[in-house]
Amino acid sequence: MSAPTTPSSRPTVTEREARQVAEAAREQDWRKPSFAKELFLGRFRLDLIHPHPLPADQDVQRGEEFLAKLRDFCETKIDGAVIERDARIPDEVITGLKELGAFGMKIDTKYGGLGLTQVYYNKALALVGSANPAIGALLSAHQSIGVPQPLKMFGTQEQKDTFLPRCARTDISAFLLTEPDVGSDPARLATTAVRDGDDYVLDGVKLWTTNGVVADLLVVMARVPKSADGTGGKGGITAFVVEAASEGVTVENRNAFMGLRGLENGVTRFHRVRVPAANRIGPEGAGLKIALTTLNTGRLSLPAMCVGAGKWCLKIAREWSAVREQWGKPVALHEAVGAKISFIAATTFALEAVLDLSSQMADEDRNDIRIEAALAKLYGSEMAWLMADELVQIRGGRGFETAASLEARGERAVPAEQLLRDLRINRIFEGSTEIMHLLIAREAVDAHLSVAGDLIDPDKRLSDKARAGAQAGVFYAKWLPKLIAGPGQLPRSYADFHPPGHRDLSGHLRYVERTARKLARSTFYAMSRWQGRMETKQGFLGRIVDIGAELFAMSAACVRAEHLRAEGDHGREAYQLADAFCRQARIRVEELFARLWTNTDDTDRKVVKGVLGGAYEWLEQGIVDPSGEGPWIADATPGETRRANVHRPIR
């Protein structure tokens with residue numbers, strides 16, 4: 001049967017249409033409580049996270065048993081230096097991880113997986129990622145966003161029975177959304193899937209397909225045209241499970257990057273690829289919702305590896321700065337270096353607190369953690385990068401030198417510069433910092449838009465605006481007075497966090513409560529001031545989100561410290577670290593508040609217009625441009641490939 005003709009032009013969409021596509025993909029309802037959502041509304045719901053939730057004993061036992069096996073494998077079978085040198089994870093390492101069950105950590109035991117909790121899955125990623133981050137990315141892309149997670153949440157029983165056992169032990173999966181000219185704006189997705197009998201026919205090109213070079217199964221997002229006669233599906237962006245070995249699937253290139261040199265990331269072309277309709281995940285048009293919902297917990301894998309990076313930074317900083325002497329004493333005892341070590345230690349403690357708390361809440365499924373997971377990804381990726389940068393600075397010239405060079409001249413092979421390169425992608429992976437700011441900001445103001453959104457929507461009728469005005473009046477009459485005073489102003493609030501003989505953390509929690517109300521007031525004032533233009537104030541929204549991230553991290557750090565104290569597990573030291581972190585975070589919060597209203601945003605916009613208009617081209621004189629020739633964005637016109645297939649499944 002011949003395939004139907006597919007459209008080859010990229011969809012042309014307006015900014016408003018693109019926003020509507022993104023909005024339609026959001027989870028619209030809040031059926032469960034959310035600590036972070038309440039925080040942005042000025043309500044400090046400590047009861048949602050304290051006492052710290054705990055895993056079941058059987059989950060702990062199963063998780064610890066696997067971690068012990070994984071640690072032995074990492075120490076005896078993985079040579080990170082070899083992966084860095086050869087820019088490839090050896091096949092025998094991947095095969096060994098399959099045999100260990102590492103590819104099925106999140107897959108239920110009834111499908112042959114290990115059935116680990118989110119908490120222990122993340123601990124495993126932190127462990128294996130410390131051996132080599134490319135392996136952590138391999139396992140994470142396979143399970144967090146690849147075939148297992150969307151099928152777990154949206155797949156049919158037949159799909160689960162067919163694909164999950166393969167993913168648990170033998171097959172590697174990948175997730176394909178990005179295209180050469182489509183990143184965080186999926187409304188312009190050009191890959192098509194046209195219904196033809198019992199199949200769909202895929203045409204298009206996907207970029208940055210992590211695991212795509214070695215994958216056996218692919219989750220592919222493609223645009224299904226709306227049925228012209230109304231007898232077919234509703235069309236829209238749709239998710240499919242695609243066999244990587246299907247005729248017409250070509251991996252045209254394996255991409256190389258600044259870091260993660262072992263990453264099997266490529267460009268994949270689909271030319272008249274037939275995919276059974278039974279492999280469609282969910283209904284037509286549900287692809288973006290599936291992708292975003294999958295990422296709600298999938299995003300926790302990146303901060304897991306950031307926690308592992310922080311732990312390694314702390315270990316190296318401690319060992320190095322104790323033996324390296326300058327001016328008669330170890331460099332750690334010089335205040336300029338000591339401040340960096342304190343930052344690394346306190347921040348690592350807080351990141352692990354955020355990760356463990358968010359992961360345990362994901363396991364319990366009592367709370368909606370979409371904002372918490374997004375904050376963990378945003379905060380973890382930014383702070384891990386800073387910690388790695390500080391480690392390089394502490395190491396000095398040795399931090400800039402490669403591990404291989406250090407070893408060649410007789411010193412310990414410390415890959416600090418590699419860590420810096422490897423971590424840099426986390427600020428871009430699975431939603432860049434800039435996109436995460438906007439995504440979290442949208443969720444943070446959802447309550448306001450729910451009651452007053454029609455007031456600032458230029459397309460709404462006067463009757464709709466009048467109705468919205470009445471609703472907003474009722475909501476704000478109840479909400480605004482609660483932002484004036486709260487427990488944060490009472491000196492004895494949160495007294496449980498000031499046990500005898502320990503640092504006083506209660507004051508930090510009072511600060512969080514007061515500051516959450518201040519944050520909500522600032523957000524309300526900005527919405528009143530800018531109304532419909534609020535969405536264009538990305539600098540302001542980013543600072544609002546960053547304040548919320550600091551408050552969430554402070555809360556998690558205090559709750560974790562109290563939990564460790566109650567368990568008798570390094571409680572005194574945990575209180576010290578939490579106190580140090582909160583003091584550092586409070587300084588950052590105050591700086592962010594100051595920059596809400598005193599900043600260079602307006603000036604920056606004018607400069608940008610000048611740059612784009614060529615007003616400052618004279619400033620670029622006096623250099624040579626080492627860039628090569630070629631287009632800024634590769635041609636992604638659907639069609640038959642002209643390149644050799646570099647796909648290499650591992651068996």
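The values are calculated or read from the model by the stated rules, or taken from the named source; none is laboratory data. From a predicted model like this one, the values you see are computed outputs, not experimental measurements. Backbone-built Cβ (ideal geometry, glycine too); neighbour counts: all protein chains shown. When the accessible area is computed, the model is the full protein with side chains, heavy atoms only, and any ligands, DNA or RNA have been set aside. Shrake-Rupley method; radii C 1.70, N 1.55, O 1.52, S 1.80 Å.
Suppose we filter LYS69, LYS77, LYS32, LYS37 for residues that are of a type in the set (Lys, Arg) and either open to solvent by less than 30 Å² (accessible area, probe 1.4 Å) or within 22 Å of LEU483 (Cβ to Cβ) (or both); which single one remains? Give the derivation first.
Working: LYS69 fails: either open to solvent by less than 30 Å² (accessible area, probe 1.4 Å) or within 22 Å of LEU483 (Cβ to Cβ) (or both); LYS77 fails: either open to solvent by less than 30 Å² (accessible area, probe 1.4 Å) or within 22 Å of LEU483 (Cβ to Cβ) (or both); LYS32 fails: either open to solvent by less than 30 Å² (accessible area, probe 1.4 Å) or within 22 Å of LEU483 (Cβ to Cβ) (or both).
Just one listed residue meets the conditions, LYS37.
Once region 402-414 is narrowed to residues that are of a type outside the set (Gly, Ala, Ser) and surrounded by fewer than 20 Cβ atoms within 10 Å (Cβ to Cβ), the residue that is nearest to ILE135 (Cα to Cα) is THR402. Selection of first residues in region 173-190 that are farther than 12 Å from VAL219 by Cα and in contact (Cβ under 8 Å) with a residue 12 or more places away in the chain and of second residues that are buried (at least 21 other Cβ atoms within 10 Å of the Cβ) and acidic (Asp, Glu), restricted to Cβ pairs under 8 Å at least 6 apart or on distinct chains, gives the following pairs, ordered by first then second residue: LEU189/GLU179; ALA190/GLU179.
Restricting region 40-63 to residues that are open to solvent by less than 90 Å² (accessible area, probe 1.4 Å), assigned to a helix (DSSP H, G or I) and not aromatic (Phe, Trp, Tyr) leaves a set whose member that is farthest from SER522 (Cα to Cα) is ARG62. From the list ILE440, ILE425, the one residue that fits, being of a type in the set (A, V, I, L, M), in contact (Cβ under 8 Å) with a residue 12 or more places away in the chain, open to solvent by 20 Å² or more (accessible area, probe 1.4 Å) and in a helix (DSSP H, G or I), is ILE425.
With respect to being closer than 17 Å to VAL267 by Cβ, outside any loop (DSSP other than H, G, I, E, B) and either of a type outside the set (Phe, Trp, Tyr) or in contact with a Gly (Cβ under 6 Å, 6 or more places away or on another chain) (or both), VAL201 falls outside the description. Filtered by the rule that a residue be modelled with pLDDT of 95 or more and more than 13 Å from CYS313 (Cβ to Cβ), region 410-430 gives GLY410, GLU411, ARG412, ALA413, ARG421, ARG424, ILE425, ASN426, ARG427. All conditions but one from (1) touching a Phe, Trp or Tyr at 6+ places or on another chain (Cβ under 8 Å); (2) without any contact (Cβ under 8 Å) to a residue 24 or more places away in the chain; (3) hydrophobic (A, V, I, L, M, F, W, C) apply to CYS582; the one that does not is (2). Selection of region 89-100 for residues being surrounded by 20 or more Cβ atoms within 10 Å (Cβ to Cβ) and part of a loop (DSSP other than H, G, I, E, B) yields only ILE89. The numbered conditions (1) open to solvent by 70 Å² or more (accessible area, probe 1.4 Å); (2) of a type outside the set (Ser, Thr, Tyr); (3) free of Cβ contacts under 8 Å to residues at least 60 places away in the same chain; (4) part of a loop (DSSP other than H, G, I, E, B) are all true for LYS609 except (4). Of all the listed residues (GLU382, GLU390, GLU407), the sole one being at pLDDT 95 or above, among the charged types (D, E, K, R), part of a helix (DSSP H, G or I) and under 21 Å from ARG543 (Cα atoms) is GLU382.
What's the total number of residues in region 371-399 that are buried (at least 24 other Cβ atoms within 10 Å of the Cβ) and of a type in the set (Lys, Arg)? Residues in region 371-399 being buried (at least 24 other Cβ atoms within 10 Å of the Cβ) and of a type in the set (Lys, Arg): 1 in total. Here is the figure for region 145-165: residues that are assigned to a helix (DSSP H, G or I) and open to solvent by less than 20 Å² (accessible area, probe 1.4 Å) total 7. Filter region 336-370 for residues that are outside any helix (DSSP H, G or I) and in contact with a helix residue (DSSP H, G or I) (Cβ under 6 Å, 6 or more places away or on another chain); which is surrounded by the most Cβ atoms within 10 Å (Cβ to Cβ)? Step by step, filter region 336-370, then rank; the result is ILE369.
So in region 239-253, with the set limited to residues that are farther than 17 Å from VAL205 by Cβ and in contact (Cβ under 8 Å) with a residue 40 or more places away in the chain, which one is nearest to the chain's Cα centre (by Cα)? Don't jump to the end; show me each part of the working.
So the first thing to find is which residues in region 239-253 are farther than 17 Å from VAL205 by Cβ, and the list is 239, 241, 243, 245.
From the residues that got through so far, the ones that are in contact (Cβ under 8 Å) with a residue 40 or more places away in the chain too are 239, 241, 245.
On the way: ALA239: 20, VAL241: 23, ALA245: 29 Å.
Filtering first and then ranking leaves ALA239.
Beta carbons closer than 6 Å, at least 6 apart along the sequence or on distinct chains, pair a first residue in region 470-493 that is part of a helix (DSSP H, G or I) with a second that is surrounded by 10 or more Cβ atoms within 10 Å (Cβ to Cβ) and aliphatic (A, V, I, L, M) for GLN471/VAL451; ALA472/VAL451; ALA472/ALA452; PHE475/VAL451; LEU483/ALA520. Could you tell me whether THR294 is among the polar types (S, T, N, Q), out of contact with any Cys (no Cβ under 8 Å at 6 or more places or on another chain) and assigned to a helix (DSSP H, G or I)? So THR294 passes the test. Read through the list (1) part of a helix (DSSP H, G or I); (2) at pLDDT below 95; (3) surrounded by fewer than 20 Cβ atoms within 10 Å (Cβ to Cβ); (4) not aliphatic (A, V, I, L, M), then give the number of the only condition that ARG583 fails. So the condition that ARG583 fails would be (2).
Of all the residues in region 61-86, those that are touching a residue at least 60 places away in the same chain (Cβ under 8 Å) and under 20 Å from LEU125 (Cα atoms) number 6.
For (1) buried (at least 24 other Cβ atoms within 10 Å of the Cβ); (2) farther than 26 Å from GLN584 by Cβ; (3) of a type in the set (Phe, Trp, Tyr), each residue gets a yes or a no:
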| position | (1), (2), (3) |
| --- | --- |
| ARG510 | no, no, no |
| LYS518 | no, no, no |
| THR523 | yes, no, no |
| GLY532 | no, yes, no |
| LEU541 | no, no, no |
| ASP546 | no, no, no |
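Of all the listed residues (ALA222, ALA256, ALA215), the sole one being in a loop (DSSP other than H, G, I, E, B), buried (at least 19 other Cβ atoms within 10 Å of the Cβ) and at pLDDT 95 or above is ALA215.
Determine whether region 304-316 contains at least one residue that is modelled with pLDDT of 95 or more, open to solvent by 20 Å² or more (accessible area, probe 1.4 Å) and touching a Pro at 6+ places or on another chain (Cβ under 7 Å). There is at least one residue in region 304-316 that is modelled with pLDDT of 95 or more, open to solvent by 20 Å² or more (accessible area, probe 1.4 Å) and touching a Pro at 6+ places or on another chain (Cβ under 7 Å). Residues of region 263-283 that are crowded, with 23+ Cβ neighbours inside 10 Å and not in a strand (DSSP E or B): LEU263, GLU264. A search for C-beta distances below 8 Å between a residue of region 276-288 that is in contact (Cβ under 8 Å) with a residue 40 or more places away in the chain and any residue that is buried (at least 23 other Cβ atoms within 10 Å of the Cβ) and in a helix (DSSP H, G or I), counting only pairs 6+ apart in sequence or on different chains, returns ILE281/PRO150; ILE281/LEU151; ILE281/GLY287; ILE281/ILE290; GLY282/ILE290. Residues that are within 24 Å of the chain's Cα centre (by Cα), over 19 Å from PHE35 (Cα atoms) and in a helix (DSSP H, G or I) within region 508-540 comprise GLU535, THR536, GLN538, GLY539, PHE540, listed in sequence order. Residue selection: GLU640 satisfies the criterion of being open to solvent by 100 Å² or more (accessible area, probe 1.4 Å) and either of a type in the set (S, T, N, Q) or not in a helix (DSSP H, G or I) (or both). Against the test of being farther than 30 Å from VAL249 by Cα, touching a helix residue (DSSP H, G or I) at 6+ places or on another chain (Cβ under 7 Å) and of a type in the set (Lys, Arg), the options ARG572, ARG595, ARG605, ARG583 yield a single qualifying residue, ARG595.
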